[in-house]
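**Q** Input: one structure, supplied below.
The values are calculated or read from the model by the stated rules, or taken from the named source; none is laboratory data. Remember, it's a predicted structure, so these values are computed and weren't measured experimentally. Here Cβ is always computed from backbone atoms with ideal geometry, including for glycine, and neighbour counts include all displayed protein chains. Remember, those area values only see protein heavy atoms, side chains included, never the ligands or the DNA or RNA. Shrake-Rupley method; radii C 1.70, N 1.55, O 1.52, S 1.80 Å.
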Amino acid sequence: MTKIVVDGTEVDVPAEYTLLQACEAAGAEIPRFCFHERLSIAGNCRMCLVELKGAPKPVASCAYAVKDCRPGPNGEPPEVLTRSGQTKKAREGVMEFLLINHPLDCPICDQGGHCDLQDQAMAYGVDSTRYGENKRAVEEKYIGPLVRTAMNRCIHCTRCVRFLAEVAGVPDLGAIGRGEDMEITSYLESAMGSELQGNVADLCPVGALVHKPQSYEVRPWELSKTESVDVMDAVGCAIRVDARGREVMQIEPRVHEEINEEWISDKTRHAVDGLRTQRLDRPYLRENGRLRPASWGEAFAAIAAKVKGTDPKRIGAVVGDLAGVEEIYALKALMTSLGVTSLDCRQTGEAIDPAWGRAAYTLGTGIAGIEEADAILLIGTNPRLEASLLNVRIRKRWRMGPLAVGLIGEPVDLTYPHTYLGAGPETLADLASGQHSFAEALKAASRPLVIIGTGALARPDGAAILAAAAKLARDIGAVTPEWSGFGVLQTAAARVGALDLGFVPGEGGLDFAGIAKGGNLDVVYNLGADEVALDPGAFVIYQGTHGDQGATRADVILPGAAYTEKSATYVNLEGRVQTTNRAGFPPGDAREDWAILRALSDVLGKRLAFDSLGALRRALYAEHPHFAALDAIAPSDAVATVETLSGLGGEPTRTAFSAAVPDFYLSNAIARASRVLAECSSLARVRGLEAAE
């Protein structure tokens, strides 16, 4: 530790700290535009100037290390002044310089109300300028459907450039020209290709980059802000849902160091319009082959008439990718009371059974634990599309130091260097037998990590592949009492919670494929499963939010609430329990999903033992205590689970692994209802075709 005096206050800080960090540790506020804690230091804006005793002029505190400061003539600690006259004058000069070419269009600027330049000009600037020349004009650029440019405002802080190059790993933006001719651009004015590009608008401190879909729609002071959790994938990013009245207007990231740091994917951010379109707002009944609007009483009566006359062995229930733990628990309780055993939550048919142990379907290391791995093997997964923020964490680990990454599956761009090992199970067998060179890197690693995707498990030989991967992880020492280096990368927000509840076939019950096959069952209760079509034949009750594939096949439709319209529990891919909070209310006659199931249970004569969300959760926590520990990961015995998986046996086929998420932007009912994400999907397909050519 090194002593330094900041505005008369002596503090001890690490020698590697910058002066900016040291000043903030002492409680001083330092303005900045180009500096960001998660990006490399650029030193562009000079707004963070401070007076350093003994220095001939003010120094940029973001780029000046504490260890580079000279002590006083008698060995006194270095002294920094953040509120001196020299510092004040320097900041006023920098602010005047930054505003030379700024259009000063705050009243019509989309950034107004949450603009760093606006705030800091008020706090550190002056009310006049000595500059009388014409302002520079910059032509606007097209950089895609998600980010709108207003480059007259750009102060060349290069935050956007550094984010895309360092964090996203897709350097779509850069600078051309010099001096006053310098411009931030995508070079050929093409759409950005990163699935994280929306974060550049969050990073922009001046309104040069703003979110295009929300442009001129709302001001920040009009919004009510609700902390929630993302369900577009299984990562469970921390988000803030901003609503105006009943309508969700935008979704922003929250800081959560263990999961998403402070980034979110474009699908998470821009699925907002999908929450408003193609919504189910009333019950429907199918009569004479056509759906007609109905009352809740009519819908429940039709369900009761069908269910009460059907053998429980001919009834099944399936759960989709966006369902919360509460409604899954309520559905399972209702089905169990009816004697139904054909239950399943594994839409894609992946070979996972909660009886094998919790480590068989979660990511053992956790997302933050990836930073400790020194070799990673990816099997049948593309984390860039299946879990974008997990992929960011792998890239962050690669940037920290040498990292061997091997990929078995489809050849893809993961945004970091990796070794493509092969396409299917035979490559996994070669690794296990030591015939592949990458096996040496795995065995030499002190903390290897094996991640298997649902694309490798959703096949007839999925159990055999899982067994082979677990055996490899055991043989290379990836799973020990100190390090759990084996995990499954889930793609659905509801999957881990449903597996924790044991929503899988009971004795004599059918799995998802058996339930979906025509003729096997007479009644199917579909709780938001839209990714797999149910064959004709059964009477289908669909409970969900959108007029998607599940509603198209339904005989009765019960409108539910989206994740922004209810308080619900979700468990992310690492096994962390999280909750969403209600930011608005469901449209029309739609209701919260657990309440629909509670009301239906009355009509069926199998009344569920709770009348409120609180009572439901008390019953849930009594049966499954780990759901009560919010933002915590319940411990699991990874060593025993991997040993169990290794003994599953089976012989994999030689079929290559396929992608679990073929289209990143249209992976669920909410995303498919979004016009913005449909445009992004179209551009992504064009880029894919161009790359193939």
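**Q** Once both labels are modelled 7 Å past Cα along the beta-carbon direction, what's the Val639-Ala55 spacing in nm?
**A** 5.3 nm
**Q** Using only Cα atoms, locate the centre of segment 570-584 and the centre of segment 183-201, then give the distance between them in Å, rounded to an integer.
**A** Comparing the Cα centres of segment 570-584 and segment 183-201, I get a distance of 30 Å.
**Q** Rounded to the nearest 0.05, what FRET efficiency do Asp105 and Ala533 give with R0 = 51 Å and r taken as the Cβ-Cβ distance? Could you check? Please report the intermediate quantities before stating the final value.
**A** Values: r = 51 Å, r/R0 = 1.00.
Computed FRET efficiency for Asp105 and Ala533: 0.50.
**Q** Turning to a different aspect of this structure: Looking only at the chain, where both bridge partners belong to it, what percent of the DSSP beta bridges are antiparallel (to the nearest 5)? Don't skip to the answer; put the middle values down first.
**A** Numbers: 43 of 79 bridges.
Percentage antiparallel, nearest 5: 55.
**Q** DSSP loop GluC sites (Glu not before Pro) in segment 322-396 with at most 12 other Cβ atoms within 10 Å of their Cβ, which ones? Please report the intermediate quantities before stating the final value.
**A** Details: sites: Glu326, Glu327, Glu350, Glu371, Glu372, Glu386; in loops: Glu350.
Here no GluC sites (Glu not before Pro) fit, given the DSSP loop and packing criteria.
**Q** Here is a further query. Report the net charge of residues surrounding Thr362, where surrounding means a beta-carbon distance below 11 angstrom and charges are Lys +1, Arg +1, Asp -1, Glu -1.
**A** Values: positive: Arg358, Arg495, Arg576; negative: Asp500, Glu574.
Local charge sum for Thr362: +1.
**Q** Let me ask something else. Probe radius 1.4 Å, ligands and nucleic acids ignored: give me the carbon and sulfur share of the accessible area of segment 605-663 as a rounded percent.
**A** On the way: 1890 of 3470 Å².
Carbon and sulfur atoms account for 55 percent of the accessible area of segment 605-663.
**Q** Fully extended, how many nm does the chain gain between Ser128 and Tyr187 (0.36 nm per residue separation, minus their Cα-Cα distance)? Kindly include the intermediate steps, with their values, before the conclusion.
**A** Details: separation 59, 0.36 × 59 = 21.24 nm, distance 3.56 nm.
Additional length available on full extension: 17.7 nm.
**Q** To the nearest 0.05, how large is the calculated FRET efficiency for Val686 and Lys313 if R₀ is 41 Å and r is the Cβ-Cβ distance? Write out the running numbers ahead of the final one.
**A** Values: r = 49 Å, r/R0 = 1.20.
It comes out at approximately 0.25.
**Q** Treat each spin label as a single point 7 Å out from the Cα along the C-beta direction, and report the His114 to Ala615 distance in nm.
**A** A separation of 4.0 nm, rounded to one decimal place.
**Q** Would you mind checking Lys306/Lys332; Lys57/Lys212; Lys267/Lys313 for any pair whose Cα atoms are more than 30 angstrom apart?
**A** Numbers: Lys306/Lys332 19 Å; Lys57/Lys212 42 Å; Lys267/Lys313 40 Å.
The answer is Lys57/Lys212; Lys267/Lys313.
**Q** Keeping every protein chain in place, order Phe300, Phe33 by accessible area at 1.4 Å, biggest value first, i.e. largest first.
**A** Working: Phe300 20, Phe33 0 Å².
From most exposed to least exposed: Phe300, Phe33.
**Q** Another question about this same structure. Can you give me the Cα centroid spacing of segment 1-48 and segment 127-150 in angstrom?
**A** Centre-to-centre distance over Cα atoms comes out at 30 Å.
**Q** Separate question: At 222 nm, what helix-only mean residue ellipticity would the chain give, in deg cm²/dmol to the nearest 500, using -39500 (n - 2.57) for each DSSP H run of four or more? Write out the running numbers ahead of the final one.
**A** Values: 22 runs with 189 residues, N = 693.
When only DSSP H runs of four or more count, the value is -7500 deg cm²/dmol.
**Q** I would also like to ask the following. Could you rank Trp221, Trp483 by how accessible they are, 1.4 Å probe, largest area first? Mind dumping the intermediate values first?
**A** Values: Trp221 175, Trp483 20 Å².
Ranked list, largest accessible area first: Trp221, Trp483.
**Q** Only residues of segment 649-664 count here: report those whose backbone N is under 11 Å from the spot 7 Å along Cα→Cβ of Ala429, or say none.
**A** 651-655
**Q** Also, quick follow-up: Would you give the gap between the C-alpha center of segment 218-246 and the C-alpha center of segment 588-634, rounded to a whole Å?
**A** 24 Å
**Q** Leaving out same-chain residues fewer than 8 places away, which lysines sit with a Cα under 18 Å from that of Lys471?
**A** Within reach: Lys443.
**Q** Grab the Cα-Cα distance for Lys606 and Tyr420, subtract it from 0.36 nm times how many residues apart they are, and report the gain in nm with one decimal.
**A** Working it through step by step, the gained length comes to 61.5 nm.
**Q** Would you mind classifying segment 622-693 by shape? Square roots of the alpha carbon gyration tensor eigenvalues, ordered a ≥ b ≥ c; an a/c under 1.5 is rounded, otherwise it is prolate if a/b is larger than b/c and oblate if not.
**A** Details: a/c = 3.70, a/b = 1.47, b/c = 2.52.
Oblate shape, in that a/c is at least 1.5 and b/c is the bigger or equal ratio.
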